[in-house]
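Participant: Pasting a structure here, questions to come.
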Amino acid sequence: MNATDAPPIDLHIEEALAELKGPRFFLVQHVLCDLIPLLNVDQDVLLAFITRLLDAGGNDLAAGTPSTAFGEWTKKNPVRSSKVYEAARAGDNLALRQLFTVLVMNADIEEGLIFAQAHEREAKLAALSALGAMELGERYGEVLDILVQGASSNDEAIALRSLEAGYRAAAQRKTLAPVGFDEQLERVLQTRSPFVIHLATNLLWIHWVGLTEKAMSLCLDAAADVDPDNAGTISHLDHAAYQLVGAGHAEKVICLLSELFDRSKGRIALDAFQSTYHALQNAGSEVLGSAVVYWLLNGSTYTHKCVASEVCGVGNDDPPFSVPTSSLPLEPSDQLYLCRKAVGWFFIDPVVAVVIPLAVLRDGSSDIKNDVLDLIYHPLLVSYGGKLKDYVERYAESIPDLAELLTRKAAIQDAMEGIERLVELHPSEMQREAAHVQWREQMERSMEQGHRKSIFEDLVTKQYILYGRSSLTPIHTEEGTTHLTETGMHSFSVSSELPILDIVDPVGLEHMLLQFKLEQRAQR
């Protein structure tokens, strides 16, 4: 291509791009990006070629690689970057599109400052972002003064770009941004536009090291107003919350999630924050326990429903959280309210439901001891035996009052011996068949949703195994032969227990749980 008689680099480009679909495009792009810095061609031709590649790449994460290659090309000769700056000042759209990359790759602070104070809007925006991405050294203060000035602009795009660049520059130096940025951030965040909320989310995710306590609080409050339909911002917020939990800001994240669930009226749920939830789990069972206590005490029905769907499960042998003494409320009435909420919302998973009442018995007020014991016995121990009974027995030595409950449980269990033989309590065949049909339909819907959400759906082959002890998978080799790989199958099981009260008094049980769920916390 560097030869004088070489064909133009965009020869047959339209036909080539039409043939390169999906991953094939990026395989070829990788080779081209290695070659671009070595070319000695006219700048206008190369800019046009780079732009074609960028447009073809779309929104893929690897789509920006041609810009980086072009930046490397300009570093080979100082004259090249100067020509890009000249073209950008003249309003050349292709040069403006590459201005950010050229400034950053050449670490050209001086030109960045000139463009940042220019009147041409696109050039100004590119330069502001570039200044935030550069290593500023001794010119840090000078650059931040320009960025604060840009943050005060009435043009939302310029203000947002300046704020992001300022906090990014501070985060790179692992220092807090100057107070002037917090003042402008507070002003800009008042609009609550989608772009403003996205900025707040990205500051929390990528540049949180540069945020003061005030700035972090402002961003958290703004992020809680995210539009439930804005999946991209919510995904960024999940990453941000994950980072903050790891950095020791778990309490702030717990409050943020509760605000999100309640303000969105349940349209945003905990399943959209799986990374954050795993971070809370990894931080320790007491951290997750503190979160559950806070959500039950301070959240609305929307938050309670989100928490219950995440912490409760079938076949749990041990609860996923423990409750530290410091997380319990001081008022006895609040402690009892917390226990009733736990029983109401977590009843389907009795081992999880009993954790908070046991913690209140152990570390809470003695004034409500009898009320809490009654909750543990009825409806929990009356409904469940098995794992719940075994779990409560672990605490019988440290909490002596539990011994009497276990004795009453044994007595009622003995009294119910043989009740299963009463024909009057058996469901009819029609009821059984209706329950089976409903269960099959629910399982089919769950499997379909699971397939749609699985990241492996497009990566693996789907197999339907009707019977047998192993499966055979054909493996096709490059030589054209095929051999079978045998995979042995093993059994696994999950056990669950139906509550007795749901059989002998379903209406009374439902009414009781509904009361617990809808009970309002006393105002003070």
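The values are calculated or read from the model by the stated rules, or taken from the named source; none is laboratory data. Note that the structure is predicted; figures quoted are calculated from it, not measured. Note that each Cβ is placed from the backbone with ideal geometry, even for glycine, and that neighbours are counted across all protein chains shown. In case anyone asks, the SASA skips ligands and DNA or RNA and just uses the protein heavy atoms, side chains included. Shrake-Rupley method; radii C 1.70, N 1.55, O 1.52, S 1.80 Å.
Participant: Of the numbered conditions (1) more than 30 Å from S495 (Cβ to Cβ); (2) out of contact with any Leu (no Cβ under 6 Å at 6 or more places or on another chain), L270 fails exactly one; give the number of that condition.
Facilitator: (1)
Participant: Give the residues of segment 293-303 that are farther than 11 Å from L270 by Cβ and assigned to a helix (DSSP H, G or I), sorted by residue number.
Facilitator: V293, Y294, L296, L297, N298, T301
Participant: Here is a further query. Of the residues that sit in segment 178-198 and are modelled with pLDDT of 95 or more and in contact with a Lys or Arg (Cβ under 9 Å, 6 or more places away or on another chain), which one is surrounded by the fewest Cβ atoms within 10 Å (Cβ to Cβ)?
Facilitator: Here the residue is E186.
Participant: Can you list residue pairs whose Cβ atoms sit under 6 Å apart, with the first residue in segment 213-237 being under 10 Å from T201 (Cα atoms) and assigned to a helix (DSSP H, G or I) and the second being of a type in the set (G, A, S) and open to solvent by less than 10 Å² (accessible area, probe 1.4 Å)? Count only pairs 6 or more apart in sequence or on different chains.
Facilitator: Filtered contacts from segment 213-237: C219/A200; A222/A200; A223/A200; L237/A223.
Participant: A further question on this structure: Can you tell me which residue among V188, V245, V196, V209 is more than 30 Å from I146 (Cβ to Cβ), in a helix (DSSP H, G or I) and among the aliphatic types (A, V, I, L, M)?
Facilitator: Only one candidate passes the filter, namely V245.
Participant: Filter segment 310-326 down to residues that are assigned to a helix (DSSP H, G or I), of a type outside the set (D, E, K, R) and touching a residue at least 40 places away in the same chain (Cβ under 8 Å), then give me how many there are.
Facilitator: The qualifying residues number 1.
Participant: Related question: Give the residues of segment 3-32 that are of a type in the set (D, E, K, R), surrounded by fewer than 10 Cβ atoms within 10 Å (Cβ to Cβ) and under 33 Å from the mean Cα position of the chain (by Cα), sorted by residue number.
Facilitator: Scanning segment 3-32 gives a single hit, K21.
Participant: Now a separate question. Every residue in segment 261-290 that is within 24 Å of A359 (Cα to Cα), surrounded by fewer than 20 Cβ atoms within 10 Å (Cβ to Cβ) and of a type in the set (S, T, N, Q), please.
Facilitator: Within segment 261-290, Q281, N282, S285 meet the criteria.
Participant: Using beta carbons and a limit of 9 Å, which pairs, at least six apart or on different chains, have the first residue in segment 332-347 and under 13 Å from M512 (Cα atoms) and the second one open to solvent by 30 Å² or more (accessible area, probe 1.4 Å) and polar (S, T, N, Q)?
Facilitator: So the pair list comes out as R340/Q515; G344/Q515.
Participant: Further, regarding this structure: Under 6 Å between Cβ atoms, at least 6 apart or on separate chains: pull out the pairs that start in segment 297-309 with a residue that is buried (at least 17 other Cβ atoms within 10 Å of the Cβ) and end on any residue that is not in a helix (DSSP H, G or I).
Facilitator: From residues that are buried (at least 17 other Cβ atoms within 10 Å of the Cβ), the pairs are Y302/K265; Y302/G266; C306/A269.
Participant: Quick one: N93 ticks every box in (1) polar (S, T, N, Q); (2) under 30 Å from D42 (Cβ atoms); (3) surrounded by 20 or more Cβ atoms within 10 Å (Cβ to Cβ) bar one, so which box is it?
Facilitator: Single failed check for N93: (3).
Participant: Could you tell me how many of the residues in segment 349-392 are in contact (Cβ under 8 Å) with a residue 24 or more places away in the chain, among the acidic types (D, E) and over 17 Å from Q515 (Cβ atoms)?
Facilitator: Going through segment 349-392 one residue at a time, the tally reaches 3.
Participant: Could you check segment 23-46 and list, in sequence order, the residues that are touching a Ser or Thr at 6+ places or on another chain (Cβ under 7 Å) and not hydrophobic (A, V, I, L, M, F, W, C)?
Facilitator: If the condition is that a residue be touching a Ser or Thr at 6+ places or on another chain (Cβ under 7 Å) and not hydrophobic (A, V, I, L, M, F, W, C), then Q29 is the only one that fits.
Participant: In segment 495-509, what residues are more than 38 Å from the chain's Cα centre (by Cα) and either open to solvent by less than 50 Å² (accessible area, probe 1.4 Å) or in contact (Cβ under 8 Å) with a residue 40 or more places away in the chain (or both)?
Facilitator: Residues satisfying the conditions are I503, V504, G508.
Participant: Could you say whether any residue in segment 175-187 is more than 22 Å from the chain's Cα centre (by Cα) and under 23 Å from L103 (Cα atoms)?
Facilitator: Taking every residue of segment 175-187 in turn, at least one turns out to be more than 22 Å from the chain's Cα centre (by Cα) and under 23 Å from L103 (Cα atoms).
Participant: Please find, among E478, E497, the residue that is within 23 Å of I419 (Cβ to Cβ), charged (D, E, K, R) and modelled with pLDDT under 85.
Facilitator: Criteria check complete, one pass: E497.
Participant: Right, something else. What are the pairs with Cβ atoms under 6 angstrom where one residue, in segment 31-59, is on the phi > 0 side of the Ramachandran plot and the other, located anywhere, is aliphatic (A, V, I, L, M)? Sequence gap at least six, or different chains.
Facilitator: Going by the 6 Å Cβ cut-off, there are no qualifying pairs.
Participant: What pairs come out if I take residues in segment 124-139 that are polar (S, T, N, Q) and pair them with residues that are open to solvent by less than 10 Å² (accessible area, probe 1.4 Å) whose C-beta lies under 6 Å away, six or more apart or interchain?
Facilitator: S129/A165
Participant: Please determine, by comparing only the residues of segment 112-133 that are open to solvent by less than 10 Å² (accessible area, probe 1.4 Å) and touching a Gly at 6+ places or on another chain (Cβ under 9 Å), which one is farthest from L163 (Cα to Cα).
Facilitator: A123
Participant: OK, next. Tell me which residues, restricted to segment 500-522, are modelled with pLDDT under 85 and under 19 Å from C339 (Cβ atoms).
Facilitator: Of everything in segment 500-522, just one residue is modelled with pLDDT under 85 and under 19 Å from C339 (Cβ atoms), namely A522.
Participant: Being open to solvent by 10 Å² or more (accessible area, probe 1.4 Å) and small (G, A, S) is the filter; apply it to segment 201-250 and report the residue that is nearest to the chain's Cα centre (by Cα).
Facilitator: Checking each candidate, the answer is S235.
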